[in-house]
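S.K.: This structure is in structure tokens; I'll ask about it shortly.
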């Protein structure tokens with residue numbers, strides 16, 4: 001019904017326009033079109049707004065407000081903006097908003113008549129703070145100190161705020177290098193506003209430093225009480241004094257004080273931290289880093305911004321292990337900080353601290369139960385700890401939170417670990433289906449390809465497929481002993497003993513920790529391969545090494561005792 005009514009209304013409007021031949025009718029139609037353009041603007045429909053404004057001007061070429069709105073729509077065409085504003089102003093010269101915008105654009109384009117027009121506007125309406133502020137900015141851009149001072153003085157008479165105008169004039173004098181003028185204004189502000197004396201004394205000290213009167217600047221700092229000396233302005237004054245006089249020891253101390261000062265602006269604290277840390281090639285860098293860490297970590301910070309800067313400095317250095325205390329602190333400040341939590345989980349996995357992995361994942365799921373990464377890391381930690389049933393349960397819970405926009409590499413890794421858990425629980429066909437799903441998301445997932453190939457070989461099925469997958473992993477990572485072992489074992493099961501020996505030898509050459517219990521199967525495989533090549537003595541030696549790592553294996557013991565291969 002609403003659509004029918006709207007169409008009917010348009011039909012009526014069309015008839016009325018067709019019938020309207022006098023000026024009153026055209027003006028009415030113009031107003032209708034213009035008001036509709038305003039509605040479209042509020043709805044965010046710029047194309048419709050633009051067309052309606054054009055139609056409105058066809059009906060009434062003297063529509064000042066339509067020209068003004070068109071000007072505001074010309075984001076990247078300054079000439080067209082000026083053209084439309086000039087038209088709006090000429091049609092309605094008494095409209096102060098049109099006049100101001102026209103003057104502002106002219107001034108921004110370097111036409112001084114824009115400022116002349118603003119002066120005229122101030123004569124008609126003196127309390128326009130926006131005009132005074134723009135004129136002050138304009139004279140600053142033009143480096144016109146006298147024009148800026150005139151404007152500030154005129155503004156002061158209207159606004160009645162002596163401190164505001166004087167402080168702005170002082171800052172302008174400093175910016176334009178009129179330091180003697182700035183010093184006189186600073187003294188006046190100190191006398192007239194004792195409740196802000198600390199702030200203005202600090203500025204006075206900076207002015208004195210600019211005038212190369214370092215001793216007087218230090219005298220200003222020494223007039224501060226103990227409490228005042230900790231104020232941001234006083235600290236910055238002392239730092240600039242240290243820089244000016246080349247006092248490195250004082251500079252270092254002040255930088256440290258600024259960093260740990262909670263009253264200081266965070267941006268200033270961050271800059272001071274970076275300045276204090278200095279170059280990483282400096283021989284004192286490590287000592288400064290350790291000093292800063294000892295200062296930062298005990299601070300009762302609620303804003304992570306400062307620690308984030310320190311973390312960035314540390315990561316540039318490549319000091320990953322030293323970042324852990326910062327990640328812990330960031331997580332203490334914000335338990336929902338997933339970046340810090342994930343980095344801590346990765347570190348715990350590297351250190352085989354599976355209890356810590358579980359703690360981090362459990363707490364992370366309390367903050368965000370829909371984050372697949374927590375299920376993935378938690379399950380991976382349980383898998384390494386050989387808690388396969390718990391890992392499988394966690395993977396199953398988290399699977400429902402994998403969405404269409406989840407990172408494809410994460411999905412692939414997730415399904416791979418899920419498949420590992422299924423295989424450990426004897427659910428082999430489900431495991432293979434899960435591996436296939438993992439490879440859909442990333443067909444180059446080397447860990448998935450290796451595990452899939454190895455478990456197929458253990459089951460003695462699809463050996464050609466297992467060989468293809470394993471060959472790919474060896475091609476990609478020819479020095480990875482686990483991948484070499486899998487490939488050798490698949491070749492062995494296919495009866496290619498000579499080629500299997502070539503790859504098992506490469507695997508043995510690339511073992512990192514030869515005493516690692518996880519390598520027992522590699523030595524066992526080597527023994528099996530060598531036995532089938534009639535190299536019995538060598539085979540028995542490999543079986544003995546496997547038995548040392550896995551003394552409870554009755555099968556390996558039987559091979560050693562009888563000097564003979566037995567199938568699993």
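S.K.: In region 219-233, which residue that is in contact (Cβ under 8 Å) with a residue 24 or more places away in the chain and within 38 Å of the chain's Cα centre (by Cα) is surrounded by the fewest Cβ atoms within 10 Å (Cβ to Cβ)?
M.R.: So the first thing to find is which residues in region 219-233 are in contact (Cβ under 8 Å) with a residue 24 or more places away in the chain, and the list is 224, 228, 230-233.
After this cut, where a residue has to be within 38 Å of the chain's Cα centre (by Cα) as well, the list is 228, 230-233.
On the way: 228: 16, 230: 14, 231: 19, 232: 17, 233: 18.
Filtering region 219-233 for residues that are in contact (Cβ under 8 Å) with a residue 24 or more places away in the chain and within 38 Å of the chain's Cα centre (by Cα), the one surrounded by the fewest Cβ atoms within 10 Å (Cβ to Cβ) comes out as 230.
S.K.: Working only within region 399-414, note down all residues that are in a helix (DSSP H, G or I) and more than 21 Å from the chain's Cα centre (by Cα).
M.R.: Correct list: 399, 411, 412, 413, 414.
S.K.: Here's a follow-up. How about region 46-72: which of its residues are outside any helix (DSSP H, G or I) and buried (at least 21 other Cβ atoms within 10 Å of the Cβ)? I'd like the intermediate steps shown before the answer.
M.R.: First, pick out the residues of region 46-72 that are outside any helix (DSSP H, G or I): 60-63.
Of everything in region 46-72, just one residue is outside any helix (DSSP H, G or I) and buried (at least 21 other Cβ atoms within 10 Å of the Cβ), namely 63.
S.K.: Then there is this: Would you call residue 216 buried (at least 19 other Cβ atoms within 10 Å of the Cβ) and free of Cβ contacts under 8 Å to residues at least 40 places away in the same chain?
M.R.: Values: buried (at least 19 other Cβ atoms within 10 Å of the Cβ): no; free of Cβ contacts under 8 Å to residues at least 40 places away in the same chain: yes.
So residue 216 fails the test.
S.K.: Ok, one more. Report whether or not residue 396 is in a helix (DSSP H, G or I) and surrounded by fewer than 14 Cβ atoms within 10 Å (Cβ to Cβ). Please lay out each step first, then the result.
M.R.: Numbers: in a helix (DSSP H, G or I): yes; surrounded by fewer than 14 Cβ atoms within 10 Å (Cβ to Cβ): no.
No; evaluated as a whole, the condition is false for this residue.
S.K.: Quick one: in region 195-213, which of the residues that are surrounded by fewer than 17 Cβ atoms within 10 Å (Cβ to Cβ) and at pLDDT 90 or above is nearest to the chain's Cα centre (by Cα)?
M.R.: Filtering region 195-213 for residues that are surrounded by fewer than 17 Cβ atoms within 10 Å (Cβ to Cβ) and at pLDDT 90 or above, the one nearest to the chain's Cα centre (by Cα) comes out as 210.
S.K.: Considering only region 427-520, give the helices (runs of 4 or more DSSP H) lying wholly within it that have at least 2 residues that are surrounded by fewer than 18 Cβ atoms within 10 Å (Cβ to Cβ).
M.R.: Values: elements: 428-441, 446-459, 463-476, 481-493, 497-509.
Filter on region 427-520 gives 428-441, 446-459, 463-476, 497-509.
The values are calculated or read from the model by the stated rules, or taken from the named source; none is laboratory data. The structure presented is a predicted model; accordingly, all values stated were derived computationally and were not measured. Here the Cβ is made from the backbone with ideal geometry for all residues, glycine too, and neighbour counts use every protein chain on show.
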